[in-house]
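Data first, discussion second: the structure below is written as structure tokens.
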Amino acid sequence: MGDSPDERFDRLWADHAAAVVRYARSRVLPDDVEDVVADTFTVAWRRLDEVPEFGLPWLLGVARGVAANARRSRRRQGALHDRLVSLADGTVEDDDAWPSLDDDSSTLAALRALSEADRELLTLLAWHGLTQDEAAQALGCSRGALKVRLHRARRRFAQLAGAARDIDQDRTPAPHRGGTP
């Protein structure tokens, strides 16, 4: 006899909630993480019959859409805030909604410079541990399309990482070699 819907949902939560939280943290502001996770699992509960046996790629696909909605909502709120401020006193405050990464490494600089789509694809595989098939499912594309996108994203990342490394090396003084300084 199969699990009841409650048992299946509880197992889905136990197996994948931490991964969905990690994904949400990488996609939205800290204030929005809980909402993204809650909305993702609400969709999972409503569509429990559609969730495959290994539900992580499916959940991350849902979380991707929920996170995109949260970012759009945040941008709309920011735009409204800016308009209200500018109407009130003629100035617009600079309210950067996206935290910057403190690390100045060439790898993170290259990752930041990638398009949102390339960054998401690479992080689904590298940081969130999905296979290519699972990433294709999460992104809603075929495996063939994913392979092409991945090849192009890796090439762009390598080019950006190389350029950032060159810039870093230009700023770093050459090591002293023998003799007096």
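Observations on the model:
- Candidate set from region 120-132 (those that are more than 13 Å from LEU60 (Cα to Cα) and surrounded by fewer than 18 Cβ atoms within 10 Å (Cβ to Cβ)); member that is modelled with the highest pLDDT: GLN132
- LEU111 being at pLDDT below 85 and surrounded by 18 or more Cβ atoms within 10 Å (Cβ to Cβ): yes
The values are calculated or read from the model by the stated rules, or taken from the named source; none is laboratory data. What you are looking at is a predicted structure, and each value in this text was computed from that prediction instead of being measured. Using ideal geometry, Cβ is built from the backbone for each residue, glycine included, and neighbour counts are taken over all protein chains shown.
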